[in-house]
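Here the structure comes first, spelled out in C-alpha cells, and everything after it is commentary.
The values are calculated or read from the model by the stated rules, or taken from the named source; none is laboratory data. Only a predicted model underlies this, so the values are computations on that prediction, with no experimental measurement involved. Ideal geometry is used to build each Cβ from the backbone, glycine not excepted, and the neighbour counts take in all protein chains shown.
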Amino acid sequence: MEYFLQQLINSLTLGSIYGLIAIGYTMVYGIIGMINFAHGDVFMIGSFVSLIAMVLLGVGTGIFLPFALLVVLIAAILITSVYGWTLERVAYRPLRGSFRLAALITALGASIFLQNFVQVTQGAKIKPIQPVIQGGFTFFENGALVVSLSYLQIFIIIITIVLLSIFSYLISKTPLGRSQRACEQDLTMARLLGINVDRTISTTFIIGAALASVAGMMFVLYYGVIDFFIGFLTGIKAFTAAVLGGIGSIPGAVIGGLLIGLIETFWSAYFTIEYKDVAVFGILVIVLIFRPYGILGKPEVEKV
Amino acid sequence: MNNILEINHLTMRFGGLLAIDDVSFSVEENTITSLIGPNGAGKTTVFNCITGFYKPTVGEILLKTNKNFNLERMNDFTIPQKAKVARTFQNIRLFPQMTVLENLIVAQHNKLMDASMYTLKGLVNAKSFVNAENEAKELAKYWLDKINLIDRADIEAGNLPYGQQRKVEICRSMCTEPKLLCLDEPAAGLNANESLELNELLKFIKKEHKISILLIEHDMSVVMGISDKVVVLDYGKKIAEGDPNTVKSNPEVIKAYLGEE
Amino acid sequence: MQDKKNISIILKDLLFTGLIATILLIPIVGLRTEISTADSTGLIFDYNFLIAFIVIAFVIGVRFLFHIYWFSKIKKTQKEKSEKDKKLFLKKLNLYLGIIAGFVAFTLPFMPFANRYVVDVATLVLTYVMLGWGLNIVVGLAGLLDLGYVAFFAVGAYSYALLSTSFDLSFWICLPLAGILSAFAGILLGFPVLRLRGDYLAIVTLGFGEIIRLILLNWYEFTNGPDGISRIPRPSFFGFPFERKSDVTTFHELFGLEYSTMHRIIFLYYLILILALLTNFFTIKIRNLPVGRAWEALREDETACRAIGINPTNTKLTAFAIGAMFGGFAGSFFATRQGFVSPESFTFIESAIILAIVVLGGMGSQIGVVVASIVLIGSTELFRELEQFRMLAFGLAMIVIMIMKPRGLLSNREPSILMHTKKNE
C-alpha cells in the first residue's frame, strides 16, 4: 500500500513534467498542423539554461533559495522562449504551405542541430548537480517502506498548477487566446479577418517553449543530472502524452501527461524497468492505431 | 425502361445533424439524371453514400447491372472496381504531377494488374502484358481524342487550365469502363462555351457508350439542356422528381430556389 | 533618400539579429559547464565568451549576406530561366551524373589511389545508397513517411547473423531468407498503421523502429543483448573462401594470386554495388508497371485513387514490404561485412540519415540519392576529427536545403509512359 502511494506521488511529479512539454506539441499541431519534432530539444535547452543559471548563481550554496530559483525560472523562460521563437522563424516559417515531408525534414534537422549544438558547446558528458531542494514530509513509516512527499515534488506540482491556470486564462479569456483558436480553425479566414497570423503562430511557439523550459528546470531539480540527449526520449514520451490525450486539445495534453507519468512509473515499479520505454512507445503505437484522436479528441470525418 | 440505380429510404445522420432525410429516387438505364438543390441540400452527401465514401445511417442503394449490388455495404474502392460506378469530385482531383496520359493509364490499374498477374508478367515483359498495356494506351488515346487533348497528353495534369482538367477528370473516370458515371458539379467554373462542350461530351457518352449518368449541378443550362430526369433536394429531403420541364414549373422547387441562368 | 532608408532598415535588422544571437549563444556557448576537478560532483564554468562573440559576428555576417542577396535580386532584372529550361537542365544533369557515377563506381577499386581505406569508405557509401534507394520506394514513390526504416535494416542484419551462426548456411541462402523475413516484418508493421496519414505515420514508424531496437537490446536470450552477435561468417567467392589457407581451394589459389586482404574487400565492394544496382533497376522497372504507377498516384491523391478502384491498403503494404525487403538485403550485407552486429548500429539517427539522403538528394532522382550519400557519408570520413561538427553541419544542411529547395537538390520526375515518343513524332 505504501509502495503504491509512493508510486502515485512520483507519477504525479513525472506527469507534470510530461504535461508541460506535451502542451507545446499539442498547441503547435493545433495551429499549423505540424509535429514540432524539435520541441523535445527545446525542453533540453531549457534544462541546460536552468542548470547554467543555477551554477552561475551558486544555487544551493548560501544564496537565498526561493529568490535564486525565481531568477533561474525567469531566465530559463526568457532565454528558451527566444530559442522557440528563433526555431519557428528560421526553420518553419519559410516552409509554411510547403509539403509535409519538407516540414518534417526541417524539423528533424532542427532537432539534430540543437542536440549537437549543445553537445559541441557543453560537452557530451552528463552534467550532475547537487540536490537543491531537500527534505519533505513523510507519512506511513512502516519499517523500510516509507511514503514521502518531498518539498521538491510539492514545488513541481504547485508550479505546474499555477502555470496551467495562468495559461488556461490566457487561452480562453484574452484576445491572444481567441486569435489562436481562430487560427486553429481556419488559418486563411483568420488572416482575412485581420488577425496577425504570423504573430499568433510565433506566440504559440514562445508559450510552448516557455512551458517546456519550466519542465526543463523541474527535470534538473528532480533528477539532478542532464545531458544533451534527454530531449529525444522525454520529447517522444511527451508527444505520446499529447496524442493519448487528444492532439490539439490542451486539457488532453495535461491528462495525457499525467497518464504517461502513471504508466511509466507503475510499469517500472511493478514490472521491469528495462522495458519501461518500450511500454511508452507501445502506448504510442496502440493509441495511433486504434484511437488516433486520443481520449479527448473527436474522430475526423474526411470531407470528400 | 429499367432502373440502373435505385435509392430507397436513404438517411444520413452525422451525430445530431440530419443531412439526408428518407430520400428515394431512381436513375434509369442509359439516361442522364440531374440532382439539384440549394447549397447544403445534401447532394454531395448522397453522392458520397452512393460511391461508398460514407456509410448511410439507413437505407438501400441498389445498383442493377449484370448483377445486383448493394452499394451501401461496399467500400469506396470496391465500388468502382466491382460495381463499375465511377465518380468525379467537386474540387478536381487529378494526379497533378503525373501526365495526362499517366492519369488515364493509372485509372485502368485493376485491368492491368490482372493482365500482369500482379506484376509478375510485367517484370518479364510478357507479351500478353505488353498487349494489355498497348490496349490501355489506345483507350486513353480514344478519350483524349474525344476531348481534343491528344497533343497535351504528356503534359503534367496540374499544369492544364481548369476547364481542360475537368474534361480530363471525366475521361479518367471513363477509362475505368463504368456502367454508371457520377459527376459532382462538372460544369463548375466553366464558361458558356465550355459548358456547351461538356453537354456534347455527356450526350456522346450516353448515346454512343450506353452509359447512365447521374450528375449534381447548379448550372441550369447544363441541367435543362441534357437531363432526361431531374431530382430536387432541399434540406435533405426530396421535393421533386420528374422531367426537366415539369420540375422547372413545380411551385415547391421554385419556392426552394429559383434556378439561375 | 531611398538608399538611406534601406540602410537604416538593414542596420536595424542586423542589430536585431545580433541581439537574438546574443541571447541564444551567450549562455550555452559562453558558459560551458564542466565537472570541477577539485570537487568531483560540482560544476564549474569554462568561459568561452570569445568563441561566442565570434559566432555572433558570424551570424550577423550571414544575415548581412542575405540582405545583399535580396538587394541584388531586386536590382538586377535577371532573366528567369523558364520552367521548361530548368526541367531540361535537371534532366540532363541527372543523366550525366548518372553516367559519371556509374563509370566511377565500376572502376573504383582499380584506380591508383584506391587503397583499403578508400574502398572501405566507398563500400559504406554504397550501403547507404542502397538503403536510400530502398527507402525511396516507400517515401519517394509511394509517399509514405517512414521514420523507422532502420528497423528493417536491423531485422535483415540480425536474421542473417542468427541464420548463419546457428545453421551454418551460406551467404547466398541467408541473403534471400533475410530479405523475406524483413518483408514479412514490413507487412506485420505496415498492416496496422498504413491507414494513418502523414505525420502520424511518421511517428508510429519511429515508435516501431525504437521498439525493435529496444527489444534487440534487452532480449538477451535471443539476440545477446548489447553484446551483439559476433563471429558471423564472412562471404566466400561462390565457395572459394578468402583465406590464406583452407581445407578447400581458396580464392587466391584459384586465380593464382598472392594472398591479399584486399581480395575480400574488393569482393564486398562489388557485392554491395550489385545489390544496390539491383534495387535501382527494380525501382526503374516498377515505375513502368501498374503497381508502381499506383504508388505514385497514391502519393498524389489517395481519395482519387479510391475513386478509380485502387485498394490503398494493399498498394501501400506492397510498397512497405518491398522497401523492407531491400532494407533487409542491405542488412545482410552489413552483417557479413562487419562479422558482428549489435543494437547500437540501429538507432533512430540512422533512419533520419537515410531519410535525409532520400529527401535532400531530391524526390524522384535516383542519382540524387547517390550524391547525397557521397556528400553526407563521405564527408564524415574526411572530417573524422571533427565528428561532432559533422552532425551539427548535417542538421543545419537539412534545414538550409529544405528551405532553399523543398523538393531536394536534384529532384526530377520522368513520366513513366509517353504518348509521343521521339520515334513516332
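Restricting attention to region C:355-406, which residues are modelled with pLDDT of 85 or more and not in a helix (DSSP H, G or I)?
Listed by number, the residues that qualify are C:Gly362, C:Ser365, C:Lys405, C:Pro406.
Only one of A:Ala76, A:Ala68 is out of contact with any strand residue (DSSP E or B) (no Cβ under 9 Å at 6 or more places or on another chain), at pLDDT 90 or above and more than 7 Å from every other protein chain (Cβ to nearest Cβ). Can you tell me which?
A:Ala76
Confirm whether A:Ala22 is under 21 Å from the mean Cα position of the chain (by Cα), crowded, with 22+ Cβ neighbours inside 10 Å and not polar (S, T, N, Q).
Criteria met by A:Ala22.
What's the number of the only condition in (1) more than 11 Å from chain C (Cβ to nearest Cβ); (2) among the small types (Gly, Ala, Ser); (3) in contact with a Leu (Cβ under 7 Å, 6 or more places away or on another chain) that B:Ser128 fails to meet?
(3)
Taking A:Tyr18, is it in a helix (DSSP H, G or I), within 14 Å of chain C (Cβ to nearest Cβ), more than 18 Å from A:Pro131 (Cβ to Cβ) and not acidic (Asp, Glu)?
no
Take the residues in region C:357-383 that are of a type in the set (A, V, I, L, M) and either over 19 Å from C:Val121 (Cα atoms) or touching a Pro at 6+ places or on another chain (Cβ under 7 Å) (or both), then tell me which one is nearest to the other protein chains (Cβ to nearest Cβ).
C:Val359
Condition check ((1) under 26 Å from A:Ile35 (Cβ atoms); (2) facing chain A (nearest Cβ under 9 Å); (3) surrounded by fewer than 16 Cβ atoms within 10 Å (Cβ to Cβ); (4) at pLDDT 80 or above) across all residues:
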position: C:Tyr200; (1), (2), (3), (4): yes, yes, no, yes
position: C:Ile203; (1), (2), (3), (4): yes, yes, no, yes
position: C:Gly207; (1), (2), (3), (4): yes, yes, no, yes
position: C:Ile212; (1), (2), (3), (4): yes, no, no, yes
position: C:Glu221; (1), (2), (3), (4): no, no, yes, yes
position: C:Asn224; (1), (2), (3), (4): no, no, no, yes
position: C:Gly228; (1), (2), (3), (4): no, no, no, yes
position: C:Phe242; (1), (2), (3), (4): no, no, no, yes
position: C:Glu258; (1), (2), (3), (4): no, no, yes, yes
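One line per residue, one yes/no per condition, for (1) assigned to a helix (DSSP H, G or I); (2) over 11 Å from C:Val138 (Cα atoms):
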position: C:Ile286; (1), (2): yes, yes
position: C:Trp295; (1), (2): yes, no
position: C:Arg299; (1), (2): yes, no
position: C:Thr303; (1), (2): yes, yes
position: C:Ile310; (1), (2): no, yes
position: C:Leu317; (1), (2): yes, no
position: C:Ile322; (1), (2): yes, no
position: C:Ala330; (1), (2): yes, yes
position: C:Phe333; (1), (2): yes, yes
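Suppose the filter is more than 12 Å from chain C (Cβ to nearest Cβ), in a helix (DSSP H, G or I) and either in contact (Cβ under 8 Å) with a residue 12 or more places away in the chain or within 11 Å of the chain's Cα centre (by Cα) (or both); does A:Val214 pass it?
Yes.
Taking region A:218-258 only, how many residues are more than 14 Å from chain C (Cβ to nearest Cβ), under 28 Å from A:Ile52 (Cβ atoms) and in contact with a Phe, Trp or Tyr (Cβ under 9 Å, 6 or more places away or on another chain)?
Number satisfying all stated conditions: 6.
Considering A:Phe64, A:Phe113, which residue is more than 26 Å from C:Leu144 (Cβ to Cβ) and among the aromatic types (Phe, Trp, Tyr)?
Among A:Phe64, A:Phe113, only A:Phe64 is more than 26 Å from C:Leu144 (Cβ to Cβ) and among the aromatic types (Phe, Trp, Tyr).
For A:Ile35, indicate whether it is at the interface with chain C (Cβ under 9 Å from one of its Cβ atoms) and more than 14 Å from A:Ala241 (Cα to Cα).
When the stated conditions are applied, A:Ile35 does not pass them.
If B:Ile211 passes every condition in (1) surrounded by fewer than 21 Cβ atoms within 10 Å (Cβ to Cβ); (2) within 13 Å of the chain's Cα centre (by Cα); (3) hydrophobic (A, V, I, L, M, F, W, C) but one, which one does it miss?
Evaluating B:Ile211 over (1) surrounded by fewer than 21 Cβ atoms within 10 Å (Cβ to Cβ); (2) within 13 Å of the chain's Cα centre (by Cα); (3) hydrophobic (A, V, I, L, M, F, W, C) leaves (1) as the failure.
I need the helices (runs of 4 or more DSSP H) fully contained in region B:74-176, keeping only those with at least 3 residues that are within 27 Å of B:Lys43 (Cα to Cα).
B:162-174
Checking the conditions here, which among A:Leu87, A:Leu108 is touching a residue at least 12 places away in the same chain (Cβ under 8 Å) and under 15 Å from A:Phe43 (Cβ atoms)?
After applying the criteria, what remains is A:Leu87.
So which of C:Thr315, C:Thr279 is closer than 25 Å to C:Ala185 by Cβ, in the same structural domain as C:Phe184 (by TED's automatic domain parsing), touching a residue at least 24 places away in the same chain (Cβ under 8 Å) and in contact with a Cys (Cβ under 8 Å, 6 or more places away or on another chain)?
C:Thr315
So that you can scan it fast, the table gives a plain yes or no per residue for (1) within 14 Å of chain C (Cβ to nearest Cβ); (2) surrounded by fewer than 21 Cβ atoms within 10 Å (Cβ to Cβ); (3) in contact with a Gly (Cβ under 8 Å, 6 or more places away or on another chain):
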| position | (1), (2), (3) |
| --- | --- |
| B:Gly37 | no, no, no |
| B:Phe47 | yes, no, no |
| B:Ile50 | yes, no, no |
| B:Thr57 | no, yes, no |
| B:Lys67 | no, yes, no |
| B:Asn70 | no, yes, no |
| B:Met74 | yes, yes, yes |
| B:Val85 | yes, no, no |
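Yes/no per residue for (1) more than 30 Å from C:Met391 (Cβ to Cβ); (2) over 14 Å from the mean Cα position of the chain (by Cα); (3) assigned to a loop (DSSP other than H, G, I, E, B):
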position: A:Thr188; (1), (2), (3): yes, yes, no
position: A:Ile201; (1), (2), (3): no, yes, no
position: A:Ile206; (1), (2), (3): no, no, no
position: A:Leu233; (1), (2), (3): no, no, no
position: A:Ala238; (1), (2), (3): no, no, no
position: A:Gly256; (1), (2), (3): yes, no, no
position: A:Ser268; (1), (2), (3): yes, yes, no
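Just the residues that are in contact with an Asp or Glu (Cβ under 8 Å, 6 or more places away or on another chain) and in a loop (DSSP other than H, G, I, E, B), please, taken from region C:187-227.
Listed by number, the list is empty, since nothing qualifies.
Which condition breaks for C:Ala352 when tested against (1) among the hydrophobic types (A, V, I, L, M, F, W, C); (2) within 10 Å of chain A (Cβ to nearest Cβ); (3) under 24 Å from C:Phe281 (Cα atoms)?
(3)
Given the residues C:Glu414, C:Glu381, which is the only one that is surrounded by fewer than 19 Cβ atoms within 10 Å (Cβ to Cβ) and under 22 Å from C:Ile99 (Cβ atoms)?
The conditions single out C:Glu414.
For the structure I just gave you, tell me whether B:Ile61 is in contact (Cβ under 8 Å) with a residue 60 or more places away in the chain and not small (Gly, Ala, Ser).
no
Among the residues of region A:112-139, count how many are crowded, with 23+ Cβ neighbours inside 10 Å and either touching a Pro at 6+ places or on another chain (Cβ under 6 Å) or more than 7 Å from chain C (Cβ to nearest Cβ) (or both).
Count: 2.
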